[in-house]
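Heads up: the structure comes next, in structure tokens.
What follows draws every value from the coordinates through simple rules; no lab data is involved. The model shown is predicted, which means the values in this text are computed figures rather than measured ones. Note that each Cβ is placed from the backbone with ideal geometry, even for glycine, and that neighbours are counted across all protein chains shown.
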Amino acid sequence: MMALVMSVNFLGFLPYLIVITLRYVDGLNQERIGFFKPFVVCCYFGKSAINPVVYGWKNKDFRHAFRKILSFGKSYR
């Protein structure tokens with residue numbers, strides 16, 4: 001599971017890393033970066049939104065604790 005979480009984080013960070021690298025190596029200007037900025041920001045913050053889904057999918061204890069939080073401590077099936 002840890003490899004999956006790390007992969008999701010890396011894939012979410014990769015577009016940002018590519019744009020920053022191109023900016024410094026190739027001299028990519030702000031106008032061209034602006035075209036990719038919404039996608040890069042979505043990936044960068046989207047990785048944080050995907051983490052609970054990955055944990056819920058792969059970790060039974062996390063799934064049960066999350067259900068307990070949502071039900072405010074009441075029992076569930």
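Based only on Cα atoms, what mean projected area does the convex hull of the range 1-73 have, in nm²? The partial results should precede the final answer.
Values: hull surface 24.3 nm².
Mean orientational projected area (the range 1-73, Cα hull): 6.1 nm².
Hey, in the GNM for the chain with a 10 angstrom Cα cutoff, which one of N51, N59, N29 fluctuates hardest?
N29
With a Förster radius of 30 Å, plug the Cβ-Cβ distance of F35 and W57 into 1/(1 + (r/R0)^6) and report the FRET value to the nearest 0.05. Present the calculation step by step, with values, prior to reporting the outcome.
Working: r = 33 Å, r/R0 = 1.11.
With a Förster radius of 30 Å, E is 0.35.
What FRET efficiency comes out for S48 versus I18 if R0 is 22 angstrom and r is the Cβ-Cβ distance? Round to the nearest 0.05.
Values: r = 19 Å, r/R0 = 0.87.
After rounding to 0.05, the efficiency reads 0.70.
Sort 31-38, 3-10 for me by packing, meaning the mean count of neighbouring Cβ atoms within 10 Å per residue, highest on top. Kindly include the intermediate steps, with their values, before the conclusion.
Details: 31-38: 10.9, 3-10: 12.4.
Put in order of decreasing packing, that is 3-10, 31-38.
Using Cα atoms only, what is the angle between the long axis of helix 60-70 and the major principal axis of the chain, expressed in degrees (0 to 90) to the nearest 10?
Relative to the chain, helix 60-70 is tipped by roughly 80 degrees.
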